[in-house]
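Following: one structure in C-alpha coordinates, then a few remarks.
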Amino acid sequence: MTGPGGTVALPSVQRATLMQMRSGSTRMMRFDLETANQIARIQISSTARRLDTDPDLAEYLRLLSMVSNRLGHVRPGMTYHMEDTRRARLALFLIGAALVLVGVLLLPLVAYASIDEQVSHYAMLPALIVMIVAGALVSCRFWPFRKPEVFPIATLPFVLWTMGGPRPEGLPDGQIATEQLVGLR
(Lines give C-alpha, C1' and ligand atoms only; values in the text may rest on other atoms or scores of the structure.)
Protein backbone atom coordinates (compact mmCIF):
# COMPACT_ATOMS: atom_id res chain seq x y z
CA MET A 1 0.00 0.00 0.00
CA THR A 2 1.42 3.37 -1.03
CA GLY A 3 0.46 6.84 0.15
CA PRO A 4 1.90 10.28 0.81
CA GLY A 5 3.66 9.06 3.96
CA GLY A 6 5.44 6.18 2.24
CA THR A 7 4.85 2.54 1.43
CA VAL A 8 3.66 -0.26 3.69
CA ALA A 9 3.96 -3.88 2.64
CA LEU A 10 0.75 -5.53 3.86
CA PRO A 11 2.45 -8.87 4.64
CA SER A 12 4.71 -7.03 7.14
CA VAL A 13 1.80 -5.49 9.08
CA GLN A 14 1.90 -6.78 12.66
CA ARG A 15 -0.93 -4.83 14.25
CA ALA A 16 -4.03 -3.01 13.03
CA THR A 17 -6.17 -0.62 15.08
CA LEU A 18 -9.47 1.05 14.19
CA MET A 19 -10.22 4.11 16.33
CA GLN A 20 -13.09 6.52 16.29
CA MET A 21 -13.82 9.50 18.47
CA ARG A 22 -16.64 11.99 18.48
CA SER A 23 -16.37 15.58 19.61
CA GLY A 24 -19.49 17.66 19.21
CA SER A 25 -20.64 17.37 15.62
CA THR A 26 -17.33 15.99 14.33
CA ARG A 27 -16.34 12.34 14.13
CA MET A 28 -12.72 11.31 13.64
CA MET A 29 -11.86 7.84 12.40
CA ARG A 30 -8.33 6.46 12.19
CA PHE A 31 -6.99 3.14 10.97
CA ASP A 32 -3.40 2.36 12.03
CA LEU A 33 -1.25 -0.27 10.38
CA GLU A 34 1.89 -1.03 12.41
CA THR A 35 4.95 -2.81 11.09
CA ALA A 36 8.20 -3.47 12.92
CA ASN A 37 9.56 -0.01 12.15
CA GLN A 38 6.70 2.25 11.07
CA ILE A 39 3.06 3.19 11.63
CA ALA A 40 0.82 4.08 8.70
CA ARG A 41 -2.24 6.09 9.66
CA ILE A 42 -5.30 6.49 7.47
CA GLN A 43 -7.49 9.15 9.05
CA ILE A 44 -10.60 11.19 8.27
CA SER A 45 -12.73 13.76 10.06
CA SER A 46 -16.37 14.09 9.08
CA THR A 47 -19.74 15.11 10.42
CA ALA A 48 -21.08 12.94 13.21
CA ARG A 49 -24.66 13.19 11.95
CA ARG A 50 -25.77 9.98 10.25
CA LEU A 51 -28.39 11.74 8.10
CA ASP A 52 -25.78 13.75 6.19
CA THR A 53 -24.17 11.83 3.34
CA ASP A 54 -20.46 12.43 3.12
CA PRO A 55 -18.80 11.18 -0.10
CA ASP A 56 -15.36 11.44 1.50
CA LEU A 57 -16.44 9.20 4.37
CA ALA A 58 -17.95 6.68 1.94
CA GLU A 59 -14.68 6.60 -0.01
CA TYR A 60 -12.69 6.27 3.22
CA LEU A 61 -14.82 3.32 4.37
CA ARG A 62 -14.45 1.73 0.92
CA LEU A 63 -10.65 2.10 1.17
CA LEU A 64 -10.57 0.55 4.66
CA SER A 65 -12.78 -2.29 3.48
CA MET A 66 -10.44 -2.99 0.56
CA VAL A 67 -7.36 -2.85 2.80
CA SER A 68 -8.94 -5.15 5.39
CA ASN A 69 -10.03 -7.62 2.69
CA ARG A 70 -6.50 -7.65 1.30
CA LEU A 71 -5.02 -8.07 4.80
CA GLY A 72 -7.41 -10.98 5.35
CA HIS A 73 -6.04 -12.69 2.24
CA VAL A 74 -2.36 -11.86 2.87
CA ARG A 75 -2.43 -12.49 6.65
CA PRO A 76 -5.42 -14.83 7.28
CA GLY A 77 -4.99 -15.11 11.06
CA MET A 78 -4.45 -11.42 11.65
CA THR A 79 -6.53 -9.54 14.23
CA TYR A 80 -7.31 -5.88 14.85
CA HIS A 81 -8.11 -3.74 17.90
CA MET A 82 -10.88 -1.18 18.22
CA GLU A 83 -9.32 1.04 20.89
CA ASP A 84 -6.49 3.48 21.27
CA THR A 85 -2.88 2.61 21.96
CA ARG A 86 -1.46 1.66 25.34
CA ARG A 87 0.08 5.11 25.86
CA ALA A 88 -3.23 6.94 25.44
CA ARG A 89 -4.95 4.44 27.75
CA LEU A 90 -2.22 4.93 30.35
CA ALA A 91 -2.57 8.73 30.16
CA LEU A 92 -6.35 8.57 30.69
CA PHE A 93 -5.90 6.07 33.52
CA LEU A 94 -3.46 8.46 35.25
CA ILE A 95 -5.92 11.36 34.87
CA GLY A 96 -8.63 9.26 36.53
CA ALA A 97 -6.28 8.13 39.29
CA ALA A 98 -5.26 11.76 39.93
CA LEU A 99 -8.93 12.73 40.30
CA VAL A 100 -9.43 9.97 42.86
CA LEU A 101 -6.29 10.92 44.77
CA VAL A 102 -7.10 14.65 44.90
CA GLY A 103 -10.68 13.90 45.96
CA VAL A 104 -9.59 11.54 48.72
CA LEU A 105 -6.98 14.01 49.98
CA LEU A 106 -9.48 16.88 50.03
CA LEU A 107 -12.12 14.96 52.01
CA PRO A 108 -10.29 15.09 55.38
CA LEU A 109 -9.29 18.73 54.74
CA VAL A 110 -12.93 19.69 54.25
CA ALA A 111 -13.92 17.79 57.39
CA TYR A 112 -11.12 19.42 59.42
CA ALA A 113 -11.99 22.90 58.13
CA SER A 114 -15.63 22.41 59.12
CA ILE A 115 -14.89 21.55 62.80
CA ASP A 116 -14.35 25.07 64.16
CA GLU A 117 -16.21 27.07 61.50
CA GLN A 118 -19.76 28.21 61.85
CA VAL A 119 -20.15 27.97 58.08
CA SER A 120 -20.16 24.36 57.04
CA HIS A 121 -17.80 23.26 54.32
CA TYR A 122 -19.80 20.06 53.92
CA ALA A 123 -21.47 21.63 50.90
CA MET A 124 -18.32 20.60 49.00
CA LEU A 125 -18.86 16.92 49.78
CA PRO A 126 -21.16 16.15 46.80
CA ALA A 127 -18.67 17.70 44.39
CA LEU A 128 -15.79 15.75 45.93
CA ILE A 129 -17.76 12.50 45.81
CA VAL A 130 -18.64 13.11 42.14
CA MET A 131 -14.96 13.81 41.45
CA ILE A 132 -13.87 10.58 43.17
CA VAL A 133 -16.52 8.47 41.41
CA ALA A 134 -15.74 10.02 38.00
CA GLY A 135 -12.02 9.42 38.51
CA ALA A 136 -12.68 5.82 39.54
CA LEU A 137 -14.85 5.24 36.46
CA VAL A 138 -12.24 6.71 34.12
CA SER A 139 -9.49 4.66 35.79
CA CYS A 140 -11.50 1.45 35.48
CA ARG A 141 -12.47 2.12 31.86
CA PHE A 142 -8.89 2.84 30.79
CA TRP A 143 -7.12 0.28 33.00
CA PRO A 144 -3.76 -0.01 31.20
CA PHE A 145 -2.89 -3.54 32.34
CA ARG A 146 -5.75 -5.40 30.67
CA LYS A 147 -5.41 -7.09 27.34
CA PRO A 148 -7.34 -5.25 24.63
CA GLU A 149 -10.06 -7.14 22.82
CA VAL A 150 -9.01 -8.44 19.43
CA PHE A 151 -11.19 -9.29 16.46
CA PRO A 152 -10.39 -11.26 13.29
CA ILE A 153 -9.46 -8.93 10.42
CA ALA A 154 -12.04 -10.75 8.28
CA THR A 155 -14.81 -9.17 10.40
CA LEU A 156 -13.70 -5.58 9.72
CA PRO A 157 -15.56 -5.21 6.38
CA PHE A 158 -18.79 -6.17 8.19
CA VAL A 159 -18.13 -3.55 10.90
CA LEU A 160 -17.42 -0.94 8.23
CA TRP A 161 -20.63 -1.93 6.44
CA THR A 162 -22.63 -1.09 9.57
CA MET A 163 -21.00 2.36 9.49
CA GLY A 164 -22.16 2.96 5.93
CA GLY A 165 -19.31 1.30 4.06
CA PRO A 166 -19.62 -1.00 1.05
CA ARG A 167 -21.39 -4.35 1.23
CA PRO A 168 -18.81 -7.04 2.18
CA GLU A 169 -17.95 -9.80 -0.24
CA GLY A 170 -19.72 -13.08 0.41
CA LEU A 171 -22.99 -11.65 1.70
CA PRO A 172 -26.06 -13.06 -0.03
CA ASP A 173 -28.26 -10.60 -1.91
CA GLY A 174 -31.51 -9.42 -0.36
CA GLN A 175 -32.66 -9.63 3.24
CA ILE A 176 -30.07 -11.05 5.62
CA ALA A 177 -31.12 -13.37 8.39
CA THR A 178 -28.99 -14.20 11.41
CA GLU A 179 -28.78 -17.83 10.31
CA GLN A 180 -27.10 -16.73 7.07
CA LEU A 181 -24.46 -14.67 8.88
CA VAL A 182 -23.43 -17.59 11.11
CA GLY A 183 -22.09 -19.48 8.10
CA LEU A 184 -19.87 -16.57 7.04
CA ARG A 185 -17.45 -16.78 9.98
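The values are calculated or read from the model by the stated rules, or taken from the named source; none is laboratory data. Remember, predicted model here, so these are calculated numbers, not experimental data. Because the Cβ atoms are built from the backbone with ideal geometry, glycine has one as well, and the counts that use them run over all protein chains shown.
Tell me, please, whether a residue that is in contact with a His (Cβ under 8 Å, 6 or more places away or on another chain) and at pLDDT 70 or above can be found in the range 140-149. Within the range 140-149, one or more residues are in contact with a His (Cβ under 8 Å, 6 or more places away or on another chain) and at pLDDT 70 or above. Which of the residues belonging to the range 49-62 are surrounded by 15 or more Cβ atoms within 10 Å (Cβ to Cβ) and under 19 Å from the mean Cα position of the chain (by Cα)? Correct list: L57, Y60, L61.
Within the option set R41, R62, being at pLDDT 85 or above, closer than 19 Å to V159 by Cβ, outside any strand (DSSP E or B) and assigned by TED's automatic domain parsing to the domain that holds M163 holds for one residue only, R62. Output the number of residues of the range 16-36 satisfying the condition of being surrounded by fewer than 13 Cβ atoms within 10 Å (Cβ to Cβ), outside any strand (DSSP E or B) and not aliphatic (A, V, I, L, M). Matching residues across the range 16-36 total 2.
Restricting attention to the range 141-157, the residues that are touching a residue at least 24 places away in the same chain (Cβ under 8 Å) and more than 15 Å from the chain's Cα centre (by Cα) add up to 4.
Only one of the numbered conditions (1) surrounded by 13 or more Cβ atoms within 10 Å (Cβ to Cβ); (2) over 24 Å from E169 (Cα atoms); (3) in contact (Cβ under 8 Å) with a residue 12 or more places away in the chain is not met by I39, and that is (3). In the range 78-103, the residues that are within 22 Å of I153 (Cα to Cα) form Cβ pairs under 6 Å with partners that are among the β-branched types (V, I, T) and surrounded by 15 or more Cβ atoms within 10 Å (Cβ to Cβ), at six or more places apart or across chains, as follows: M78/I153; Y80/I153; H81/T17. Evaluation of R87 against the conditions (1) under 22 Å from P148 (Cβ atoms); (2) touching a strand residue (DSSP E or B) at 6+ places or on another chain (Cβ under 9 Å); (3) loosely packed, with under 15 Cβ neighbours inside 10 Å shows that the sole unmet condition is (2).
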